[in-house]
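Peer 1: Here you go, one structure.
The values are calculated or read from the model by the stated rules, or taken from the named source; none is laboratory data. If you're wondering where the values come from, they're calculated on a predicted model, not measured in any experiment. Here the Cβ positions follow ideal geometry from the backbone for every residue, glycine too, while neighbour counts run over all protein chains shown. Surface accessibility is based on the protein's heavy atoms, side chains included, excluding ligands, DNA and RNA. Shrake-Rupley method; radii C 1.70, N 1.55, O 1.52, S 1.80 Å.
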Amino acid sequence: MRTVTLLSAEDFERVAQILGPCELVRGEIVPMSPGGIHHSLVTGNAFRLLDSHCRPRGLGRVLTGEAGVVVARHPDTVRGADVAFISFQRLPNGPAEHGFLKQPPELVIEVLSKDTSWEKMEEKVADYHAMEVDLVWVLDPQTMTLRAYPRGGSPLLLRGTDTANAHPYVPEFAVAVGAFFEE
């Protein structure tokens, strides 16, 4: 019989930088493959589009780079968000905190990797919703589509010239799906 010692989010935070790409899922470290070039381009586009909308309007912070988000406690789960928006109402303006985000962002954007199944991605979406993230967008570089998952609502599949609209969670933020996949 295998005995497993479950980590807390705080313990994970102390070692995560050394471990490389990984998440903490129900107290256990789960390795992740580094994203490839296309994954990085799509993530960069998502960050650029969202940040260029939010920063001049003073709406809040846009995070990237697998920002650690504590989505559950006992056992702890820390997800690495590709891109996240959190308003100044939820995380007041001022010097940025150190460590993982403990407040729910309004919007999380994930980029589906080749080695991530939809089942695993939907588990991650459910974790975000349980933390009270209002809206999760999953960008699929293979099909160049966006699946929008509003908390408490049905998913919506968008493509190409369809408009992804994050209002009211990110006020007045709407963008053509194809913009995320431009190279």
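Peer 1: Please report, in debye to the nearest 20, how large the charge dipole of the range 105-171 is about its Cα centre when each Lys and Arg carries +1 at its beta carbon and each Asp and Glu carries -1 there. Please report the intermediate quantities before stating the final value.
Peer 2: On the way: 6 positive and 11 negative charges, 39 e Å.
Dipole size: approximately 180 debye.
Peer 1: Same structure again: Quick one: putting +1 on the C-beta of Lys and Arg, -1 on the C-beta of Asp and Glu, what dipole do you get for the chain around its Cα centre, in Debye to the nearest 20?
Peer 2: Numbers: 17 positive and 24 negative charges, 39 e Å.
So the dipole magnitude of the chain works out to roughly 180 debye.
Peer 1: Could you give the length gained on full extension between S154 and T5, defined as 0.36 nm per residue of separation minus the Cα-Cα distance, in nm? Write down the numbers at each step before the final one.
Peer 2: Working: separation 149, 0.36 × 149 = 53.64 nm, distance 3.65 nm.
Contour length minus Cα-Cα distance gives 50.0 nm.
Peer 1: Grab the alpha carbons of the range 7-67, take their convex hull, and tell me the volume per residue in Å³.
Peer 2: In the range 7-67, the Cα hull volume divided by residue count equals 105 Å³.
Peer 1: Rounded to a whole number, what % of the accessible area of the chain do carbon and sulfur atoms account for, probe 1.4 Å? Display every interim value, and only then the final one.
Peer 2: Working: 5300 of 9800 Å².
Using a 1.4 Å probe with all protein chains present, the chain comes out at 54 percent carbon and sulfur.
Peer 1: Also, I was wondering about something else. Would you work out the charge dipole size for the range 60-129 about its Cα centre, treating the Cβ of every Lys and Arg as +1 and the Cβ of every Asp and Glu as -1, and quote it to the nearest 20 debye? Mind dumping the intermediate values first?
Peer 2: Working: 8 positive and 11 negative charges, 50 e Å.
Using only the charged Cβ atoms, the result is roughly 240 debye.
Peer 1: With a 10 Å cut-off between alpha carbons and a GNM built on the chain, which of V78, V133, V25 moves the most?
Peer 2: For the chain, modelled as a Gaussian network with Cα springs under 10 Å, the answer is V25.
Peer 1: Could you work out the percent of alpha carbon pairs in the range 36-183 separated by over 29 Å, rounded to a whole number?
Peer 2: Numbers: 1000 of 10878 pairs.
When every Cα pair of the range 36-183 is considered, 9 percent fall beyond 29 Å.
Peer 1: Here is a further query. Per DSSP H run of n ≥ 4, the term is -39500 (n - 2.57); total these for the chain, divide by its residue number, and report the mean residue ellipticity at 222 nm rounded to 500 deg cm²/dmol.
Peer 2: Values: 3 runs with 45 residues, N = 183.
Estimated from H runs of four or more residues: -8000 deg cm²/dmol.
Peer 1: Another question, if that's okay. Quick one: Karplus J couplings for the range 145-155, per residue in order, coefficients 6.51, -1.76, 1.60, θ = phi - 60°, nearest Hz, x for Gly and Pro?
Peer 2: 10, 10, 9, 9, 10, x, 4, x, x, 8, x
Peer 1: Per residue, how much accessible surface does the range 76-183 expose to a 1.4 Å probe? Answer in Å², no decimals. Don't skip to the end; give the middle numbers.
Peer 2: On the way: 5210 Å² over 108 residues.
Ligands and nucleic acids excluded, the result is 48 Å² per residue.
Peer 1: So which residue, out of F85, F173, F12, gets the largest mean-square fluctuation from a GNM of the chain using Cα contacts under 10 Å as springs?
Peer 2: Checking each option, the largest mean-square fluctuation is seen for F173.
Peer 1: Moving to a separate point now. Projected onto the charge dipole of the chain (+1 at Lys/Arg Cβ, -1 at Asp/Glu Cβ, origin at the Cα centre), which of Y128, S40, V170 gives the Cα projection farthest towards the positive end?
Peer 2: Going by the charge dipole, the pick is V170.
Peer 1: Select from the range 82-181 those GluC sites (Glu not before Pro) which occupy a DSSP coil region and have at most 16 other Cβ atoms within 10 Å, ordered by residue number. Please report the intermediate quantities before stating the final value.
Peer 2: On the way: sites: E97, E106, E110, E119, E122, E123, E132, E172; in loops: E97, E106, E132, E172.
Answer by residue number: E97, E132, E172.
Peer 1: Can you tally the net charge around V111? Count Lys and Arg as +1, Asp and Glu as -1, for every other residue whose Cβ sits under 9 Å from the Cβ of V111. Numbers along the way, then the final one.
Peer 2: Details: positive: none; negative: D82, E110, D140.
For residues surrounding V111, the net value is -3.
Peer 1: Continuing with the same structure: Connecting C-alpha atoms closer than 10 Å in a GNM of the chain, tell me which of L101, L91, L156 has the biggest fluctuation.
Peer 2: Looking only at L101, L91, L156, the largest GNM fluctuation is found for L156.
Peer 1: Residue-wise, which Karplus ³J(HN,Hα) couplings in Hz belong to the range 123-136, taking 6.51 cos²θ - 1.76 cosθ + 1.60, θ = phi - 60°, and x for glycine or proline?
Peer 2: The phi angles translate into 5, 5, 4, 4, 4, 4, 5, 4, 7, 5, 5, 6, 8, 10 Hz.
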